[in-house]
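See below for the structure under consideration.
The values are calculated or read from the model by the stated rules, or taken from the named source; none is laboratory data. Computed from a predicted structure; not experimentally measured. Cβ placement follows ideal geometry from the backbone for every residue including glycine, while neighbour counts extend to all protein chains displayed.
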Amino acid sequence: MNGLVKFMHKIKPTFSEGGRLSFLHSTFEAFESFLYVPGTVTAKGTHVKDAVDLKRVMIIVVLALVPSLLFGIWNTGYQHDAAFGLGWNFWQMVWYGFVKIIPLYLVSYIVGLGIEFISAQIRGHQVNEGYLVTGMLIPLIVPIDVPLWMLAIAVAFAVIIGKEIFGGTGMNIWNPALLCRAFLFFSYPSKMSGDTVWTGGLSRYLADGTAYACGNGVVDGFSGATPLVHAGQGIQSLESAGISFLDLFVGNVGGAVGETSVIAILLGAILLIWTGVASWKIMASSVIGALAVGFLANALATDATPYLQLPAYYHLVLGGFAFGTVFMATDPVTSAQTETGKWIYGFLVGALTVTVRLFNPGYMEGMMLAILLMNTFAPLIDHYVVEASLNRKAKKVKSLR
Amino acid sequence: MSNIIELKRGLDIPISGQAVQKAKKVIIPDVAAVKPTDFRGLIPRLLVREGDTVLAGSPVFADKVSPDILFTSPVSGTVSEIVRGEKRKLLEVRIKADVEQKSVDFGARKISSMQASEIREHLLRSGLWPALVQRPYGIIARPSDTPKAIFVSAFSTAPLAANLEYTLRDGFEDVQTGINALAKLANGTVHVSFSNENYSGTPFHKLENITPHIFAGRHPAGNVGVQISHISPIVKGDVVWTVSLTMVAAIGRLFNTGKYDVSRLVAVTGPAASEPAYVKGFAGMPLASVADFCNGPAEDIRFISGDVLTGKNVGKDGFLGFYDNQVTLIKEGTGCEILGWAKPFRSKQFSASRTYFSWLTPKKRFDMDTNTHGEPRAFVLSNVYSKVLPMDIYPVYLLKACLAGDIDKMEKFGIYEVIEEDLALCEFVCPSKINIQEILSDGINLMLKEMA
């Protein structure tokens, strides 16, 4: 390994100012700082610095996503097996999920990182590690069957319009991964909603009769509808589809790759909260917001409105709520920055999500739009929180005199 | 007795190399320097030439804006070199010391019989006026002002800071005289803050003529700026002064003995110091005289006048700052660590965050070096800074206002309340490796320029 460092030092002058390949210096530095912590020393200000850097922070988030990813890989195979009645064993399911998800990751990272490198190069900046997380998130929140070219366009949109035009990681207004999903949703609604997109291989089978493994075809009574769709018709519909609260909690149900298993998401949440990388306040207040609106709906429910009768706590395990709350709403750049603001922001994310679910039967998944909307309003929330705090302080100072 | 003000937020950096309480040697003056760069925004007017002879207490340069403020030589000898930097900026006036030291006699005086104007005159003439630092901005106090109050912190929480009870153990009388002098300048109000840890044990709790306060908490609880914000926050239009306890003692000595005497016990500390201890030195002493403390080749070691958070890298050939009573020796961290950021364990590294495991070993002291442990990035995490800043301000908002050069916003977010040292810990913990003190410094300089 020391030889590698020596080699990097040897070729460094070529990429530094005046070198033959100096126009590639951002790329070189990105690889260099990826391989080893460079021997840069403090020049101004404090002479010692904390060992933590953004790479470490981002790798923690990536780690927190691993349980969801692993579960998602298995669940993709499991759903395919269930749809076609193949009687697969565990490893066959895992292999299927693995084969399905690898292309998504390749597209996500190649397109996304490619744009990051190019834009860093153009602006002479350093390559930021923010995309490590975004690239990890995107395949987990799109349908497994999404065509790769669509994903490529969506990723390009999210990185360029969502991030780079604002100046890169730390400057963006909206969460880039959610922007990617929103782009797909509004541009290609037929591939992003409906009952058939969430089960691996199903859309291809329905289109041209082939799939990775389709056995005797789709099993009788298979609908492909996600639990969220059933939930929209009330708790009875969920139960008659054979989906219990426990199923939703464990996650062996249909949906986007990473969002189904609340257990896996909770493992990630524990890591994020323990390391302090994501705000527990946002997570907690989002849950409170969802429950508040959920209970309110329960109180207002009549027999004519079965969707309002869905017990409030079901909203916590349905659809993308848990995943969005833990990994998306807590994005430190696009969420509220003040501590009080975080409570308000999180509460509204949760409340809006459930509101959309209950009152917009056309599109049940409110999480994406709730977070993007609150991303937009986060600076406003912060503004009022800061103003209030400054006024309070001014009053206190006055009273001391 | 006043209540204990408890500060929950803060961080004691567990760096190794605490000085043991013994004076290892006496620094014999050889070459000393007076440095205009110790003072923010000072434009000096040189009063000596190379070859001139000076006594300890003779003026070397003056403030161009208020020429009454004199800066005097700590030793008697001959001006050997006038060091200038870019654009002929005056950096150092070096003075070769005589074997036998002689001082200007300013005359011992009794504070009780002096008017405030006489005290002011005395301090200005002797070169001790610059010990008075004004807030806002941390510049030398203006002689024409009468401050709302004067604040003195009787303890330091900075990393490896010199223990003031030890360094001033023979100086109680001087400190009391200094306090009395300050009290006259401030029409009676001198706030002195103590640590709750040794409040009853420290001799300074017997000080008279003061308003005492007790603080509990980690660094920066000992920073006078943090203390002010809890005792009486600075708002626009306020002027308060701060004086370090070391300088209070020097002021007291001036009145007790009639001499400009900036000698002090200096803590030589840091992971690169073998057997860290105290030396009997003085402001402006050459750091080469403590080079024998280094536990490795001096080329690889950074010589810091001050502590690791706010000190200046003056180099082996540099000199101790006017206000400093600490030298920190620390290795330059030029080594590379392969995939360091991805390793699950890095037991030799400290992190205040839980992304590493140093929180498992709270008692451990770390041999820190000057590696930045990462590259500069934009602000990303928002909640790390307030955890180490026990003040009611929004540091990121303030810093962004400084970056934007927006005077109104800087005022609004509290530029009057802070100087660099107060936000130094924010810079230490910043995962984006932003030079927070530099940004704030630029902001303060802009304020000085625009509000003048």
Subset of the range B:159-207 that is more than 28 Å from B:Leu11 (Cα to Cα) and among the β-branched types (Val, Ile, Thr) - its residue that is modelled with the lowest pLDDT: B:Thr189
Failed condition for A:Leu206, given (1) farther than 27 Å from A:Ala158 by Cβ; (2) in contact with a helix residue (DSSP H, G or I) (Cβ under 9 Å, 6 or more places away or on another chain); (3) assigned to a helix (DSSP H, G or I), with all others met? (2)
Candidate set: the range A:335-364, residues that are surrounded by 24 or more Cβ atoms within 10 Å (Cβ to Cβ) and hydroxyl-bearing (Ser, Thr, Tyr); chosen: the one nearest to the chain's Cα centre (by Cα): A:Ser335
Yes or no: B:Val79 in contact with a Phe, Trp or Tyr (Cβ under 8 Å, 6 or more places away or on another chain) and touching a residue at least 12 places away in the same chain (Cβ under 8 Å)? no
Only one of B:Ala273, B:Ala267 is under 13 Å from B:Ala23 (Cα atoms), aliphatic (A, V, I, L, M) and in contact (Cβ under 8 Å) with a residue 60 or more places away in the chain. Can you tell me which? B:Ala267
With a cut-off of at least 1 residues that are among the polar types (S, T, N, Q) and within 11 Å of chain A (Cβ to nearest Cβ), name the helices (runs of 4 or more DSSP H) lying wholly within the range B:380-452. B:436-451
Those residues of the range A:150-181 which are within 14 Å of A:Gly130 (Cβ to Cβ) and either in contact with a Cys (Cβ under 9 Å, 6 or more places away or on another chain) or among the acidic types (Asp, Glu) (or both), in sequence order: A:Val155, A:Ala158, A:Val159, A:Gly162, A:Glu164
All helices (runs of 4 or more DSSP H) inside the range A:1-101 with 3 or more residues being farther than 30 Å from A:Thr260 by Cβ and under 31 Å from the mean Cα position of the chain (by Cα): A:25-35
Take the residues in the range A:359-401 that are within 12 Å of chain B (Cβ to nearest Cβ) and polar (S, T, N, Q); name whichever of them is farthest from B:Lys148 (Cα to Cα). A:Ser389
In the range B:302-323, what residues are buried (at least 24 other Cβ atoms within 10 Å of the Cβ) and aliphatic (A, V, I, L, M)? B:Ile304, B:Val308, B:Leu309, B:Leu320
Confirm whether A:Pro143 is buried (at least 22 other Cβ atoms within 10 Å of the Cβ) and more than 14 Å from chain B (Cβ to nearest Cβ). yes
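Matching residues to (1) part of a strand (DSSP E or B); (2) in the same structural domain as B:Arg125 (by TED's automatic domain parsing):
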residue: B:Arg9; (1), (2): no, yes
residue: B:Thr37; (1), (2): no, no
residue: B:Arg45; (1), (2): yes, no
residue: B:Gly51; (1), (2): no, no
residue: B:Val60; (1), (2): yes, no
residue: B:Ser80; (1), (2): yes, no
residue: B:Val93; (1), (2): yes, no
The lone condition B:Arg142 fails out of (1) in a loop (DSSP other than H, G, I, E, B); (2) in contact with a helix residue (DSSP H, G or I) (Cβ under 7 Å, 6 or more places away or on another chain) is (2)
Among residues belonging to the range B:208-262 that are among the hydrophobic types (A, V, I, L, M, F, W, C) and in a loop (DSSP other than H, G, I, E, B), point out the one that is farthest from the other protein chains (Cβ to nearest Cβ). B:Val262
Identify, by number, the condition in (1) in contact (Cβ under 8 Å) with a residue 60 or more places away in the chain; (2) surrounded by fewer than 24 Cβ atoms within 10 Å (Cβ to Cβ); (3) more than 19 Å from the chain's Cα centre (by Cα) that A:Leu310 doesn't meet. (2)
Complete set of residues in the range B:341-379 that are at the interface with chain A (Cβ under 7 Å from one of its Cβ atoms), part of a loop (DSSP other than H, G, I, E, B) and of a type in the set (S, T, N, Q): B:Gln349, B:Ser351, B:Ser353, B:Thr355, B:Thr370, B:Thr372
Take the residues of the range B:313-340 that are over 15 Å from A:Val41 (Cβ atoms) and in a strand (DSSP E or B): which is nearest to the other protein chains (Cβ to nearest Cβ)? B:Ile338
